[in-house]
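The structure under discussion appears below in the form of structure tokens.
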Amino acid sequence: EKITLSVIKADIGGFVGHSSVHPELLQEAEKTLGQRGQDLLEDFKVTCVGDDINLVMTHRKGIDNEQIHKLAWETFLSCTRIARRLKLYGAGQDLLSDAFSGNIKGMGPGVAEMEFEERPSEPIIVFMADKTEPGAWNLPLYKMFADPFNTIGLVIDPKMHEGFKFEVLDLIENKKVTFSCPEELYDLLVFLGAANRYAVKAVYRKNGEIAAVSSTQRMNLMAGRYVGKDDPVLIVRCQNGLPAVGEALEPFSNPHLVAGWMRGSHFGPIIPVSQKESTPTRFDGPPRVIALGFQLAEGKLIGPQDLFADVAYDRARQKALEIADYLRQLGPFEPHRLPLDEMEYTSMPQVMEKLKDRFN
Ligand code: F6R
Ligand code: MG
Ligand code: MG
């Protein structure tokens, strides 16, 4: 019988500001999933990165299951009651709709789910980021599954040598396209390089087996306007014909620039950090990523192992801080600040209106 791994996440109130999750919310999520999920889930872990609560759940119901999505929704709702009582910042901010309508997608929370046959040993990494957008996974996923300078397995492991397929979502037109790599590598990169518009939804082995899935959804126009910095999650299965744990982590040893950070309107380096250090405070950031490793055992989540707690990422952290210092000196100027059409905040219409008689 197949197992499904569902990671569903939401920001339902920050402590303090947008920097972290209050412990009472985590306890409430723990309690709710434990009680209401009793007959539904094989196992679960409640975790967080920055101001986002992440529910990591295993079950036998398949992806897009109404009961599972409802459980997550109700869990976030009961946490929101506490967030409101404590007057946490932005209480309930990701619960965009008042009523649950069968599927949590498009309602605010982020979802990454995969269903598969549990292998004799099933190592999995759940990456979780805060203060950035789903396209932040494009570069690391390309490196993990298509770059032989990152993943030596592509070259020397006969089980990986044929390559992988990338499913890419056009976030604006809401269309998908699949590239077979290495044959179509250059076509793939035309799209992956434009991470604000195209994002990797999933990666498959050539035989169709799922290898990775992200919480990439259509651009969130639900709130009546574009809200794109969703603080995405990514699930990667590892080893034995898939990237080794170390090959999946390696792309984060060179912090790349991602969109997000302060007011969702700046480029900044994504810092790989331990769970303990995942509280973005400097200029509401810089963007962060944590990596929690699990071994699945008959659906049970054995773990987590806090993979970026390793001292081997200290240099990456140092480098990210130097990049952050450099970018911050640019203040409100691009390319630190995002281009006009990608910012989450803009005063341009008001300023333009005020000055309209003076433009000639
Ligand atoms: C970034 C983020 C924060 C807020 C900022 C201003 O994704 O959530 O940087 O944008 O703290 O928040 P408001 O406008 O609510 O004061
Ligand atoms: Mg927040
Ligand atoms: Mg967040």
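The values are calculated or read from the model by the stated rules, or taken from the named source; none is laboratory data. Since the model is a prediction, treat every value here as computed from it, not as a measurement. Counting neighbours? That spans all protein chains shown, and the Cβs are built from the backbone with ideal geometry, glycine included.
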Extreme residue, surrounded by the most Cβ atoms within 10 Å (Cβ to Cβ), among residues of region 1-47 that are small (Gly, Ala, Ser) and under 21 Å from GLU66 (Cβ atoms): ALA10
Specify the residue that is surrounded by the fewest Cβ atoms within 10 Å (Cβ to Cβ); the eligible residues are those in region 238-277 that are hydroxyl-bearing (Ser, Thr, Tyr) and in contact (Cβ under 8 Å) with a residue 40 or more places away in the chain. SER253
Of the residues in region 58-85, how many are in contact with a helix residue (DSSP H, G or I) (Cβ under 7 Å, 6 or more places away or on another chain), under 25 Å from LYS229 (Cβ atoms) and away from ligand 3 (no atom under 16 Å from the Cβ)? 2
Could you figure out which of (1) within 26 Å of ARG237 (Cα to Cα); (2) out of contact with any helix residue (DSSP H, G or I) (no Cβ under 6 Å at 6 or more places or on another chain) isn't true of ARG282? (1)
Residue among GLY135, GLY102, GLY90, GLY108 that alone is away from ligand 3 (no atom under 14 Å from the Cβ) and at positive phi: GLY102
Condition (residue is among the polar types (S, T, N, Q), within 16 Å of ligand 1 (Cβ to nearest atom) and in contact with an Asp or Glu (Cβ under 8 Å, 6 or more places away or on another chain)) applied to region 3-15: is it met by at least one residue? no
For region 325-342, what are the residues that are touching a residue at least 24 places away in the same chain (Cβ under 8 Å) and touching a helix residue (DSSP H, G or I) at 6+ places or on another chain (Cβ under 7 Å)? HIS336
Give the residue, chosen from ALA211, ALA199, that is under 14 Å from MET144 (Cα atoms) and at pLDDT 95 or above. ALA211
Within region 290-309, is there a residue that is surrounded by fewer than 17 Cβ atoms within 10 Å (Cβ to Cβ), assigned to a helix (DSSP H, G or I) and modelled with pLDDT of 95 or more? yes
Close pairs from region 297-320: first touching a residue at least 60 places away in the same chain (Cβ under 8 Å), partner of a type in the set (Phe, Trp, Tyr), Cβ under 6 Å, at least 6 apart: LEU301/PHE294; GLY303/PHE294; PRO304/PHE294
Here are some residues: LEU292, LEU296. Which one is of a type outside the set (Lys, Arg), under 22 Å from GLY135 (Cβ atoms) and away from ligand 2 (no atom under 16 Å from the Cβ)? LEU292
